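Reading through the C-alpha cells given below for one structure.
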Amino acid sequence: MRKKVIAANWKMNGTLEQANSLLDAFASAPLTVNESKIAVFAVPAPYLMLAKEKLGGNPYLQVAAQNCYSKKSGAYTGEISVEILKSIGIDYVVLGHSERREYFSESNAFLADKVNICLEFGITPIFCCGEPLEIREAETQNTFVAKQLEESLFHLSAEEISKIIIAYEPIWAIGTGKTASNQQAQEMHESIRSVLAAKYGAKVANEIPILYGGSVKASSAVELFAQPDVDGGLVGGASLIADEFIKIINA
Ligand code: PEP
C-alpha cells in the first residue's frame with residue numbers, strides 16, 4: 001500500500017524563536033503518524049539540524065530541505081548540496097516548487113538534474129508540479145502537468161521513480177485561500193497516475209504517493225485526503241500554525 005505523506009512547507013518564514021516553539025509543539029503533540037503515514041517538515045535551511053534534533057526521536061516525523069543544488073560540491077556560493085544534506089541526516093528535499101520555478105527560473109531540465117543527484121545520494125525528492133491559472137482556464141492543465149513530469153522524471157527507471165513523491169500544486173491555489181475542489185484535485189491526481197501508469201505500468205504508478213497542495217486547511221483536509229488518488233498534502237500557510245497543522249496531520 002502506498003504511503004500517506006503530510007508535508008509542511010514553511011517557506012522563508014519564522015525566526016529561530018518561532019521555529020523552536022513550532023517544533024516543540026509538533027514533537028510533543030499526539031500525532032497519528034505510523035509506518036504508512038508520515039509527516040515531513042520542510043523548514044528553512046538554518047533550522048534543518050534543529051528540526052532533526054527536535055523531531056528525530058520519532059521515525060515518522062521527517063525533515064526536508066526546501067531546495068538543493070544539482071552539483072555534488074564545489075564553487076557554488078550560497079547553494080546547498082545533497083552531500084551536505086545527507087551528512088546532517090536529511091532524507092527529503094522539496095524540488096520544483098512553483099515559487100522556485102517562477103522566481104528562480106527553474107526549468108524542467110534543471111529539475112531533472114536535481115532529481116538525479118537526490119536519487120544518487122538516497123534523498124527522496126518531493127517533486128512539485130502544477131499549472132498556472134491561464135492554463136486551468138484554457139482547460140489544458142492535464143497536458144501541462146504531464147509535460148512537467150515527462151521532462152523532469154521520465155528519464156528515470158521504474159525503480160528510481162518509485163522513490164519519488166509527487167506533489168500536485170495548482171499555482172492558482174497556492175497561498176491564495178482558493179483550494180481546488182475535491183473533484184478537481186482527484187481528477188488531476190488520477191490523470192497524473194494514468195500518465196505514470198502509461199510509462200511505468202499500473203503497479204509502479206499505484207505505489208507513488210501524490211500529494212495535493214494549495215491552501216489546504218484543517219477544514220478541507222479530511223475530504224481532500226479521502227479522495228482515492230490523494231495521498232496527503234503539501235501545506236504552506238497552515239503548517240505555520242501548530243494546532244491547525246496537527247489537525248491536518250491527524251485528518
Ligand atoms: C505551498 O507552499 O506548497 C503551499 C501549498 O502553500 P499554501 O498551503 O499556503 O497554499
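Any read-out appearing in this document is the output of simple, stated calculations on the displayed coordinates, not a laboratory observation. Everything numeric in this text was worked out from a predicted model, so none of it was measured. Note that we place each Cβ from the backbone using ideal geometry, even for glycine, and neighbour counts take in every protein chain shown.
Which of the GluC sites (Glu not before Pro) found in the range 27-92 are loop residues per DSSP with 12 or fewer other Cβ atoms within 10 Å of their Cβ?
Within the range 27-92, the qualifying GluC sites (Glu not before Pro) (loop, at most 12 other Cβ atoms within 10 Å) are Glu35.
PRE reach from Glu35 (point 7 Å along Cα→Cβ): which of the range 107-128 fall under 20 Å by backbone N?
Once the point is set 7 Å along Cα→Cβ of Glu35, nothing inside the range 107-128 turns out to lie under 20 Å by backbone N.
Grab the Cα-Cα distance for Ser21 and Lys178, subtract it from 0.36 nm times how many residues apart they are, and report the gain in nm with one decimal.
Residue separation times 0.36 nm, minus the Cα-Cα distance, leaves 53.7 nm.
Non-local amide H neighbours of Glu106 (under 5 Å, H modeled in plane, Pro and chain starts lacking H): which ones?
Here Arg101 satisfy the definition.
Sorting check: for 15-23, 41-49, which peptide has the highest mean count of neighbouring beta carbons within 10 Å, and how do the rest follow?
By packing density, highest mean first, the sequence is 41-49, 15-23.
Set the bar at 19 Å for Cα to Cα. Now go through Lys54/Lys163; Lys114/Lys203; Lys72/Lys114; Lys86/Lys163; Lys4/Lys52; Lys11/Lys72 and name every pair that lies beyond it.
In this structure, Lys54/Lys163; Lys114/Lys203; Lys4/Lys52; Lys11/Lys72 exceed 19 Å between Cα atoms.
Grab the Cα-Cα distance for Lys86 and Ala226, subtract it from 0.36 nm times how many residues apart they are, and report the gain in nm with one decimal.
Full-extension gain reported as 47.1 nm.
Need one number: nm distance between label points at Ser162 and Ser219, each 7 Å from Cα along Cα→Cβ, rounded to one decimal.
4.2
Using only the Cα atoms of the range 15-107, what are the Rg and Dmax in Å?
14.4, 44
If we sort 227-236, 63-72 on the protection proxy, mean other Cβ atoms within 10 Å, highest first, what's the order?
Sorting 227-236, 63-72 by mean packing, highest first, produces 227-236, 63-72.
Based solely on its DSSP helices, what 222 nm [θ] is calculated for the chain when runs of n ≥ 4 H residues each add -39,500 (n - 2.57) and the sum is averaged over all residues, nearest 500 deg cm²/dmol?
-12500 deg cm²/dmol
Quick one: Karplus J couplings for the range 179-191, per residue in order, coefficients 6.51, -1.76, 1.60, θ = phi - 60°, nearest Hz, x for Gly and Pro?
Once rounded to whole Hz, the list reads 8, 4, 5, 4, 5, 4, 5, 4, 4, 5, 5, 5, 5.
Give the share of C-alpha pairs in each 10 angstrom bin for the chain, from 0 to the last occupied bin, in whole percents, shortest bins first.
7, 34, 39, 18, 2
Subtracting the Cα-Cα distance from 0.36 nm times the residue separation, let me have the gained length for Met12 to Asn206 in nm, one decimal.
66.5 nm
For Ala8, enumerate residues with amide H under 5 Å from its amide H, sequence gap 5+ or separate chain, H modeled in the peptide plane.
Amide H neighbours of Ala8, under 5 Å, 5+ apart: Val40, Phe41, Ala42, Val235.
Which loop-located GluC sites (Glu not before Pro) does the range 89-142 contain, where loop means any DSSP state but H, G, I, E or B and the Cβ has at most 16 other Cβ atoms within 10 Å?
For GluC sites (Glu not before Pro) across the range 89-142 that sit outside H, G, I, E and B with at most 16 neighbouring Cβ atoms in 10 Å, the list reads Glu139.
Amide H of Val94 versus every other amide H placed in the peptide plane: which residues, excluding those fewer than 5 positions away on the same chain, fall under 5 Å?
Long-range HN contacts for Val94: Ala65, Gln66, Asn67, Ile126.
Pop out the ³J(HN,Hα) list for the range 149-162 in order, Karplus 6.51 cos²θ - 1.76 cosθ + 1.60 with θ = phi - 60°, rounded to Hz; leave Gly and Pro as x.
Once rounded to whole Hz, the list reads 5, 4, 7, 9, 10, 7, 7, 6, 6, 4, 5, 5, 5, 5.
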